[in-house]
Structure formats: C-alpha cells, structure tokens
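Input: a single structure, listed below in structure tokens.
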Amino acid sequence: MNTFGWTRRVAIAAATATLAFGGIAQADGHQVLDDVHFLIPGGAGGGWDGTARGTGEALTGAGLVGSASYENMSGGGGGVAIAHLIENAASLENTMMVNSTPIVIRSLTGVFPQSFRDLTLVAGTIGDYAALVVNSDSELQSMDDLLAAYRADASGFAIGGGSVPGGMDHLVAAMAMQAAGEDPTAFNYIPYDAGGAAMAGLLSGEIKALSTGFSEAVALAQQGEVRILGVTADERVDAFADAPTMKEQGIDTTFVNWRGFFAAPGVSDAQLGKFQTALTQMYDTPEWEEVRARNGWVNIHNNGDDFRAFLENQEKVIGDLMKTLGFL
C-alpha cells in the first residue's frame, strides 16, 4: 500500500478510541454556547468552508449553540487567518478556526512560521477523502484515461488544487501518480486559493483535472457538472456511490484528510470546555448525522491531549513522506 495509507489507519484508530469514551456526554437539547464565530482560512466553497458551515449548521440546528457566524480570511496558505487568531487573541474568545492536514504541511514547508503548537487545540472532528475530478464533458472517463493523457503530454497536462505547491492537494495527486508507477514530482500542478477557486478553474477549462476533497465534489457530481474519476477510500462512499475508488482501478492508495478546530492562544479553560462539550454532544444529534452523511465525511473525534498526540504523529509521518517525494 502507498505510504499515504497511514492516515486512514490513524483515523480509524482515533475514531475507535472516541467510541470508548467520546459518547459519555449525550446531547440533551440544552444550549452550551450563546454564539460561535467560525474563522475560515480560505475562500468560499472549499473544504474548510464546508466543514465550518456544516458544523455550525448542526450545532445551531440541534440547539447546542444559539447562533453561528462565519468569516472567510484567505491568504498565505492559511497563514493570514492563523496570524489573525494569534495577534487578536484577547478579543476572539468565542472564535473557532477550522483547519486540517495543511496546518502540518505548511508549517513543515515554511509557508508560514506558526504551527498548531501556537494555538489552543479544541478538537479534531471529521475526515474527508480526497478525489481526482474532471469536468463532466471531459473525454477522461477513468483513472486509466487520465494516466494515458498524462503520459501522452506530461508538460501540458495540468492538475489543479486548492493548496500551494507541496500542499495537501498537490501531495494527494503525487500520491496517486506514485501508486500508478509515475514520477510523483513531474506533473504540472496549478495552485488555487482554496477549493472553490480550484473548482471554478476546472469548470472553466483552465485545468484538465482537479485534486480536491471528496465532499467538495459530491454536490457538483450529483448535478452532473463534474465526474469523479477516483476516490482515496477503501470502499465506495455512500454519499456518491457512483464514484469508483482508486484501489478498484489498480491504484493501491488510500487517504483521509482530518479537519478540526482551534481556538486563540490563552483562551479560558471555561470557554475551551464549552467548545469541546458542544462538539462532543453534536455527534449524538440527527442534525449532525444529516450534515455528515450529505458530505460523505468520516467521524474522527479527538479532544485536547488526544488531538495533540494525533497532530504530533501526523507531523512526523508527513514530514518523512514529503522528504521521500522531494518536497522537503
């Protein structure tokens, strides 16, 4: 199996651990927080945006939070939002910033100087599979077709993504290429500011294929706008079961991108406890299950110290992998 498979194994272990003690607090319909402000480090339409808004929808719909607001703050590969959270910590007590695997990748590559250690860790919440996607009118019908087109014109075959070069979308495409026997560093990668802009680039024909989160492609695939060529899951995902996995097409690789929430440094223990209680209770609500199923997410719940251990393990394994692929 390709080395990206570790993420799937860690995710499953984390989810299993959650079942052992994460269900202690049952949702009782009582409001935990008056309001939450979600800080989103990228543009509209990306995975961070969908995760923050979906979480806010579930929390408010279940009555755990009175109201939720959202702020998209792009720039610096997520660094602008992270710096904002740190520099304005005193006035952002009710703010949770969504982030994911890129906070580890971009810290390792020096895209921004901060790391998860500079923030208050709230919880890891979900996992999202990755996918390679083409426009619905593309002649490419499968991963075999994509690989054939790449081999025929390597320099002219552009794969886009909503992250910087060497970022997560780039790494996922490199992982697929490596598992298919190609040079994982040779293809032409086009970076966009978040998944929404990258999807627009695909739909306008700027790129021939897109590396993105599965949940970001589901709605457009259901509407017939895009075709999902391959998903990095072990088995087909119920949210859009027409999408084949990479593995069933002979590309032996799996990957799941965690997403979770961070608070400002120095946030009070009381406020942190409320954030964590609201997220823990959210898992037991039908409102959350509706959001989760709609997006094809996997429940991955790590609170506090468990979240820190998870991130430290990611930092080591991703760093080793990026060195192998020549990105570090």
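The values are calculated or read from the model by the stated rules, or taken from the named source; none is laboratory data. If you're wondering where the values come from, they're calculated on a predicted model, not measured in any experiment. Glycine gets a Cβ as well: all are built from the backbone with ideal geometry, and neighbour counts include every protein chain shown.
Some points to look at:
- Search result, residues across segment 265-300 that are assigned to a helix (DSSP H, G or I) and among the β-branched types (Val, Ile, Thr): Thr277, Thr280, Val291
- Against the list (1) in a loop (DSSP other than H, G, I, E, B); (2) of a type in the set (Val, Ile, Thr); (3) within 29 Å of Leu92 (Cα to Cα), the condition Thr253 fails is (3).
For every residue, the table says whether it meets (1) under 30 Å from Ala176 (Cβ atoms); (2) part of a helix (DSSP H, G or I); (3) among the hydrophobic types (A, V, I, L, M, F, W, C).
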{"position": "Ala239", "(1), (2), (3)": "yes, yes, yes"}
{"position": "Trp258", "(1), (2), (3)": "yes, no, yes"}
{"position": "Phe262", "(1), (2), (3)": "yes, no, yes"}
{"position": "Lys316", "(1), (2), (3)": "yes, yes, no"}
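- Unique residue being of a type in the set (S, T, N, Q) and not in a helix (DSSP H, G or I) when the list is Ser138, Ser107: Ser138
- Scanning segment 247-271 for residues that are without any contact (Cβ under 8 Å) to a residue 40 or more places away in the chain and either in contact with a Lys or Arg (Cβ under 7 Å, 6 or more places away or on another chain) or farther than 19 Å from Thr232 by Cβ (or both) turns up Asp269, Ala270.
- Exactly one residue out of Gly124, Gly161, Gly166 is in contact (Cβ under 8 Å) with a residue 60 or more places away in the chain, surrounded by 15 or more Cβ atoms within 10 Å (Cβ to Cβ) and under 14 Å from the mean Cα position of the chain (by Cα): that is Gly124.
- Options Ala176, Ala186; residue that is in contact with a strand residue (DSSP E or B) (Cβ under 9 Å, 6 or more places away or on another chain) and among the aliphatic types (A, V, I, L, M): Ala176
- Of note, Ala239 does not satisfy the criterion of being surrounded by fewer than 18 Cβ atoms within 10 Å (Cβ to Cβ), within 23 Å of Trp297 (Cβ to Cβ), among the aliphatic types (A, V, I, L, M) and modelled with pLDDT under 90.
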